[in-house]
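Q: Supplied in structure tokens, the structure appears directly below.
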Amino acid sequence: MKCAYCNHNLTAHQPVCDYCGANNPEYRPQETEVNTLRKQRQAFDQSGLGSEINMLLEQGQAEYAAEHYAAAIDCYTRVLTLAPQEFAVYFYLAASYSALKRHEEAIRVMERALPLQPNNAPIYYNLGMLHKQIGHSSEARRYFEKALRLAKKESAFKNNQDFIKSIREALKEYKRWKIF
């Protein structure tokens, strides 16, 4: 199956796309996760937050598509206040800040996503791109190198040479030259 947002390959057991962080609508948790997720969802639905979060996400995506980035930031920030575990929202929020050239804030948002998925290569790639945009060369290189290491290890990325190629292209600028 393919991600609806970036067309990256997904399996039914991946809750989010490893490339862009979007939720996988066809996600089927393994049986050991089902009871925990069922309890979480019941508590969420009983609180009424589930529908509010979906509404805010849809509104945020509409605002972003209309290039109303400040309004999108407001929606995504409210989602993360209600549901800080919503991994994909960190990408949307960072993209909104970045569109407004508020790269430092985008970096902080992406860094908040790291604990949720510490081995997610796209997070490190995006952090590298954000640091590159504000001229932090050493940080950019460090994040690109980490993204490449993770992408090479992750089976989902081994088959996605385009992503690995993008990371290598970004790293070319920071290539160390040996003096002979």
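Q: Need the failing condition index for Y174 against (1) part of a helix (DSSP H, G or I); (2) in contact with a Lys or Arg (Cβ under 6 Å, 6 or more places away or on another chain), just the number.
A: With (1) part of a helix (DSSP H, G or I); (2) in contact with a Lys or Arg (Cβ under 6 Å, 6 or more places away or on another chain) applied to Y174, the lone miss is (1).
Q: Okay, next question. Being surrounded by fewer than 19 Cβ atoms within 10 Å (Cβ to Cβ), farther than 24 Å from E58 by Cα, outside the structural domain of N9 (by TED's automatic domain parsing) and in contact (Cβ under 8 Å) with a residue 24 or more places away in the chain narrows it down to one of Q85, Q133, so name that one.
A: Sole residue among the options that is surrounded by fewer than 19 Cβ atoms within 10 Å (Cβ to Cβ), farther than 24 Å from E58 by Cα, outside the structural domain of N9 (by TED's automatic domain parsing) and in contact (Cβ under 8 Å) with a residue 24 or more places away in the chain: Q133.
Q: Of all residues in the stretch 63-82 being of a type outside the set (A, V, I, L, M, F, W, C) and buried (at least 20 other Cβ atoms within 10 Å of the Cβ), which is modelled with the highest pLDDT?
A: Here the answer is Y76.
Q: Looking only at the stretch 96-130, how many residues end up being buried (at least 19 other Cβ atoms within 10 Å of the Cβ) and either touching a residue at least 60 places away in the same chain (Cβ under 8 Å) or among the β-branched types (V, I, T) (or both)?
A: 7
Q: Restricting attention to the stretch 100-114, report how many residues are closer than 21 Å to A71 by Cα and either part of a loop (DSSP other than H, G, I, E, B) or among the aromatic types (F, W, Y) (or both).
A: 3
Q: Going by the conditions given, is A151 closer than 26 Å to L80 by Cα and of a type outside the set (F, W, Y)?
A: Against the criterion (closer than 26 Å to L80 by Cα and of a type outside the set (F, W, Y)), A151 does not qualify.
The values are calculated or read from the model by the stated rules, or taken from the named source; none is laboratory data. Since the structure is predicted, the reported quantities are computational estimates derived from the model, not experimental observations. So basically every Cβ, Gly included, is an ideal-geometry build from the backbone, and we count neighbours across all protein chains shown.
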